Amino acid sequence: MDRIARLREKMMVKGIDYVLLGPNSDCFYLTSFREEQMERPLLFVVSLDDHFFLAPKLYDEQITQLGYRVEAYGDGEDPFSKLTLERGRSVYLDDWLPTFISLSIVERYGPSKVGRASELLSPMRAVKDEDEIALMETAVRVSEKVLEEVLPTIKEGLSEKHVSRLIENKARELGSQGPSFEPIVTSGPNTSMPHMRSTDRKLKNGDPIVLDYGIRWKGYNTDTTRTVFLSRPSAEVERIYNVVKEAQSIAEERVRSGMSGAEADSLARTVISRAGLGQFFIHRTGHGIGIDVHEPPYISKDNEEPLVDGNVFTVEPGVYLPGKLGVRIEDMVILRGRAQVMNSLSKEILVL
């Protein structure tokens, strides 16, 4: 059964008349079409007996070539005049639609109920099929080759931004659509800030270096982190590194289908807490990944939903001492009863 048909089944069960999506990741999941939502409304509309795009004429031919009907409008036309929804029906909207589009739909069609399309699509997307998994396995192999080729070029005196650009350029050189997000390369005390953007700070002897990066491959993303060093770390830094490594290893070995996201999170968190570093583990253990870099399921202490076979998610514990250093190690795993680690990059301490 194709994905649109599966969505319709869910709509029928829940009594939903229309699902309206912007041209983002949910739309890509259903149609293979993805584009930036601009000031001209661009929507994929699914009803119980029809589906089509509402789009500017700019996209008419492009979408038609994918095999979908397009209700196209030109500049100066009212786009919603092409959207023939029945008033007073239930409408589920893309979570990420711009406010002006959502308000226009609500004001014009007076739906009896407005819901979130993610309630239907997120559970579908969280369970990857074998084609998706095969594609993501290829993506991980290419992604790892990126780091394998960049690591030997990292040296003292290069800036964080320079190394970030090396990763981005190598990702494109190896045939990807580019990075899945701007590579995070931090060094020295900057490593204590998990999502800090790379700066002009130059790498120095003795620095820890956090390399958090991914590639986009045929619409799907990877996400990997390694922490490396420009000289042998001190005994205390090595201890912290090994605690993070052990936390990740135990989580990957012990996570099972049927566990909640919170239970999976606790596998890593308990190791770090017992080492006296719990207060420095300041984020969740992982997140689902696929068409979006961050998507369900979330491996976090507030997620009581069970993990299921076909979930693909990251396992990325970290310890961050403010103003001093941070260590994070991240793999992607597929859940098939147990976790199958997709990455093969070494996690032993690496001194460049």
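The values are calculated or read from the model by the stated rules, or taken from the named source; none is laboratory data. Small disclaimer: the values here were computed from a predicted structure and weren't measured. In this analysis, Cβ positions are derived from the backbone assuming ideal geometry, glycine residues included, and neighbour counts consider all displayed protein chains.
Yes or no: the range 163-184 includes at least one residue that is within 23 Å of the chain's Cα centre (by Cα), modelled with pLDDT of 95 or more, crowded, with 18+ Cβ neighbours inside 10 Å and aromatic (Phe, Trp, Tyr).
Within the range 163-184 (the criterion being within 23 Å of the chain's Cα centre (by Cα), modelled with pLDDT of 95 or more, crowded, with 18+ Cβ neighbours inside 10 Å and aromatic (Phe, Trp, Tyr)), the answer is no, since none of the residues qualifies.
If the Cβ limit is 6 Å and pairs must be 6+ apart or interchain, which residue in the range 324-340 that is under 17 Å from Tyr298 (Cα atoms) pairs with which residue that is surrounded by fewer than 18 Cβ atoms within 10 Å (Cβ to Cβ) and polar (S, T, N, Q)?
Ile334/Gln340; Leu335/Ser257
Looking at the range 235-271, which of the residues that are more than 13 Å from Ile299 (Cα to Cα) and of a type in the set (Ser, Thr, Tyr) is surrounded by the fewest Cβ atoms within 10 Å (Cβ to Cβ)?
Across the range 235-271, the extreme among qualifying residues is Thr270.
Could you go through the range 342-350 and let me know if any residue there is closer than 19 Å to Arg226 by Cβ, in a loop (DSSP other than H, G, I, E, B) and of a type in the set (Lys, Arg).
yes
Picking from Glu86, Glu61, which residue would you name as being of a type outside the set (A, V, I, L, M) and either in contact with a helix residue (DSSP H, G or I) (Cβ under 6 Å, 6 or more places away or on another chain) or modelled with pLDDT under 95 (or both)? Can you show your working first?
Working: Glu61 fails: either in contact with a helix residue (DSSP H, G or I) (Cβ under 6 Å, 6 or more places away or on another chain) or modelled with pLDDT under 95 (or both).
Of the residues listed, the single one that is of a type outside the set (A, V, I, L, M) and either in contact with a helix residue (DSSP H, G or I) (Cβ under 6 Å, 6 or more places away or on another chain) or modelled with pLDDT under 95 (or both) is Glu86.
If I go through the range 199-217 residue by residue, how many of them are buried (at least 23 other Cβ atoms within 10 Å of the Cβ) and among the small types (Gly, Ala, Ser)?
Total satisfying the criteria: 1.
Let's see how each residue does on (1) under 26 Å from the mean Cα position of the chain (by Cα); (2) surrounded by 20 or more Cβ atoms within 10 Å (Cβ to Cβ); (3) modelled with pLDDT of 95 or more:
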position: Arg6; (1), (2), (3): yes, no, yes
position: Leu20; (1), (2), (3): yes, yes, yes
position: Cys27; (1), (2), (3): yes, yes, yes
position: Phe33; (1), (2), (3): yes, no, yes
position: Asp50; (1), (2), (3): no, no, yes
position: Lys57; (1), (2), (3): no, no, yes
position: Lys82; (1), (2), (3): no, no, no
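So which of Lys155, Lys128, Lys161, Lys145 ends up being part of a loop (DSSP other than H, G, I, E, B), among the basic types (Lys, Arg), within 30 Å of Thr199 (Cα to Cα) and touching a residue at least 12 places away in the same chain (Cβ under 8 Å)?
From the options Lys155, Lys128, Lys161, Lys145, the qualifying one is Lys155.
Among the residues of the range 266-290, which ones are within 21 Å of the chain's Cα centre (by Cα) and under 15 Å from Arg328 (Cα atoms)? Explain how you work it out, then say what you get.
Here is the first cut: in the range 266-290, the ones within 21 Å of the chain's Cα centre (by Cα) are 268, 281-290.
Of everything in the range 266-290, those that are within 21 Å of the chain's Cα centre (by Cα) and under 15 Å from Arg328 (Cα atoms) turn out to be Ala268, Phe281, Ile282, His283, Arg284, Thr285, Gly286, His287.
What residue, among those in the range 68-84 that are of a type outside the set (D, E, K, R) and part of a helix (DSSP H, G or I), is nearest to Val19 (Cα to Cα)?
Phe80
Pull up the range 296-332, narrow it to residues that are among the basic types (Lys, Arg) and under 19 Å from the mean Cα position of the chain (by Cα), then point me to the one that is farthest from Lys347 (Cα to Cα). If you could, list the steps in order and put the result at the bottom.
From the range 296-332, those among the basic types (Lys, Arg) are 301, 324, 328; that's our starting set.
Applying the additional criterion that residues be under 19 Å from the mean Cα position of the chain (by Cα) yields 301, 328.
Numbers: Lys301: 25, Arg328: 11 Å.
Looking at the filtered set, the residue picked out is Lys301.
Would you be able to say whether some residue in the range 276-283 is within 15 Å of Lys347 (Cβ to Cβ) and either in contact with a helix residue (DSSP H, G or I) (Cβ under 7 Å, 6 or more places away or on another chain) or at pLDDT 95 or above (or both)?
Within the range 276-283, none of the residues are within 15 Å of Lys347 (Cβ to Cβ) and either in contact with a helix residue (DSSP H, G or I) (Cβ under 7 Å, 6 or more places away or on another chain) or at pLDDT 95 or above (or both).
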